[in-house]
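To keep things clear, I will list the structure first and then write my remarks on it.
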Amino acid sequence: MNKLMDDILNKRPVFFCNEKCVENPEAYLKTLDIGIENINDAERRMLRFAPLIAKLFPKTDDGVIESPFKQISGMKKLLFPNMKGSLYMKMDSHLEVAGSIKARGGIYEVMKVTEDLLIKNDMLSKDEDYTKISESKIKDFLAGYTMSVASTGNLGLSIGIMSAALGYKARVHMSRDAKQWKKDRLAENGVAVIEHAGDFTYAAMMARQEAEKEDAIHFVDDERSINLFVGYSVAAMRIKNDLTANNITPTKSKPLHLYLPCGVGGAPGGITFGFKHVFGSSVKCYFAEPVTSPSMLLSVMTEKYGDLNVNDYGLDNITDLDGLAVASPSDFVSPMMKYLCDGFYTVRDDDMFRLLYILKETENIKIEPSAAAGISGLEITENTDSDGYHIVWTTGGLFVPDTIYDKMHARGKTLYENSRN
């Protein structure tokens, strides 16, 4: 057994440099059934829905659900004082409506399904004002349909809250890893929560089986959905404004380095897909997973992809990083990441709580523990010596109740102080 696999099986943090990743992705991307035209189509659809989103969720920026982009110099000074490049944070942890990266793909899929359904039934045309979707006639029509999803937490919030706001019945199948406050938030928004004792893979199987029995149920498949995937990819188009505002022009010699927490793979995979289309060889993407759940890493290493289950390797898939607690990766996304993801690394739970604490103290930013997984990427990948623009992608945390966050912060503080003794 080589050292890398030995470290993985013993739950030690590792970095796997993916040598199969193509240096110039353009040729590979042309072999896929989806491409830049799908990303552009998704962006246009989001803009058509913007007036409706603004009406339903006034805190959004004119109905555009987008996150802050911030240079995090305080954290850089403390953790990476000798780092060559600049350090930034793309704060999808602060996306409105759902409070996580799932606000991108999840809400987009609800938009796509809704538009297709209403156009098919002669209730909407693309040149109309989409605020009409909030009218009682259309809401009553949509009430005859159900949106269903399986989730460890955040995807359920995005699908459930958006679906309920449009009038759908919404059902969220939650795995054992889902936090109680997320279940409560869904229930408060009129969403039915179905709890399962199994992990995400099991919850997804049960939700899929339920939907197969009823034509009026649309199952949002986190493992296989093209809509989710494309919705996430639009982030690559949106970030152009952030880069321009910060005088960032990525090149092959001075690229963007993205550090993306990874669960089943749809969100980081979609973002990587989008960035490789838009920035080509001027971007490098790295996925972070818990030491107990390195399903995407192992699937690419072994080329088993969706057939890979970490339990078969003696790993228990038990982690406090609930959004990343996935035993088997997306069988749709994982084969693509063999050629598009530059590297994979694993993280310990305690280190994520410690980073959660440091981020709050240095930058006054609140996130979930799973969202901190990107931060450790520079150290684990040894990219502190790499010139360029390093972007930590925080994926959730806006709506964590203060009482729960305070406990996580206290745990992180204790871990940080102990590490300094």
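Read-outs: derived from the displayed coordinates by stated rules, not from any lab. Note that the structure is predicted; figures quoted are calculated from it, not measured. Cβ atoms come from the backbone with ideal geometry, glycine included; neighbour counts cover every protein chain shown.
Before moving on, here are some points about what is shown:
- Only helices enter the 222 nm calculation for the chain: every DSSP H run of n ≥ 4 contributes -39,500 (n - 2.57), and dividing by all residues gives -13500 deg cm²/dmol, rounded to 500.
- Each 20 Å bin from zero up to the one holding the largest Cα-Cα distance in the chain carries the following percent of pairs: 28, 60, 11, 0.
- Taking all Cα pairs closer than 8 Å and separated by 6 or more residues, the relative contact order of the chain comes to 21 percent.
- With the alpha-carbon atoms of the stretch 102-223 aligned to their principal axes, the span from lowest to highest coordinate is 44, 28, 23 Å, starting with the largest.
- For the stretch 343-418, the Kirkwood hydrodynamic radius comes to 12.9 Å, computed from all pairs of different C-alpha atoms.
- For the stretch 27-133, trypsin sites (Lys or Arg not before Pro) are listed when DSSP marks them as loop and at most 15 other Cβ atoms sit within 10 Å of their Cβ; the list is LYS30, LYS59, LYS84, LYS126.
- Between PHE49, MET91, ILE101, the Cα set farthest toward the positive side of the dipole of the stretch 1-112 (charges on each charged residue's Cβ, about the Cα centre) is that of MET91.
- Residue among VAL234, VAL113, VAL14 with the largest mean-square fluctuation in a Gaussian network model of the chain, springs linking Cα atoms under 10 Å: VAL113
- Whole-angstrom gap from the stretch 170-221 to the stretch 142-166, using each part's C-alpha centre: 9 Å
- Euclidean distance between Cα centres, the stretch 12-51 to the stretch 368-421, Å: 26 Å
- Backbone geometry of the stretch 220-229 corresponds, through the Karplus equation with coefficients 6.51, -1.76 and 1.60 at θ = phi - 60°, to 3J(HN,Hα) couplings of 7, 8, 4, 7, 9, 6, 6, 4, 4, 4 Hz, x marking Gly and Pro.
- In order along the stretch 389-401, phi translates into HN-Hα couplings of 10, 9, 10, 7, 9, 8, 10, x, x, 4, 9, 4, x Hz, rounded to whole numbers, per the Karplus curve 6.51 cos²θ - 1.76 cosθ + 1.60 with θ = phi - 60° and x for Gly and Pro.
- With N the number of residues in the stretch 70-151, Rg(Cα) / (2.2 N^0.38 Å) evaluates to 1.73.
- Annotation note: GluC sites (Glu not before Pro) in the stretch 59-135 located in DSSP loop regions with a Cβ neighbour count of at most 15 within 10 Å are GLU128, GLU135.
- Seen against the Cα atoms of the chain and their longest principal axis, helix 235-245 is set at about 60 degrees.
- Assuming charge only on the beta carbon of Lys and Arg (+1) and of Asp and Glu (-1), the dipole of the chain about its Cα centre is about 820 debye to the nearest 20.
- Taking only the Cα atoms of the stretch 251-297, the radius of gyration and Dmax are 11.5, 35 Å.
- Ellipsoid semi-axes in whole angstrom, largest first, where each is sqrt(5λ) of the Cα gyration tensor of the stretch 295-409: 27, 19, 12
- Highest-first arrangement of 147-155, 159-167, where packing means the average Cβ count within 10 Å: 147-155, 159-167
- Peptide ranges 281-291, 400-410 listed from the most packed, as the mean C-beta count within 10 angstrom indicates: 281-291, 400-410
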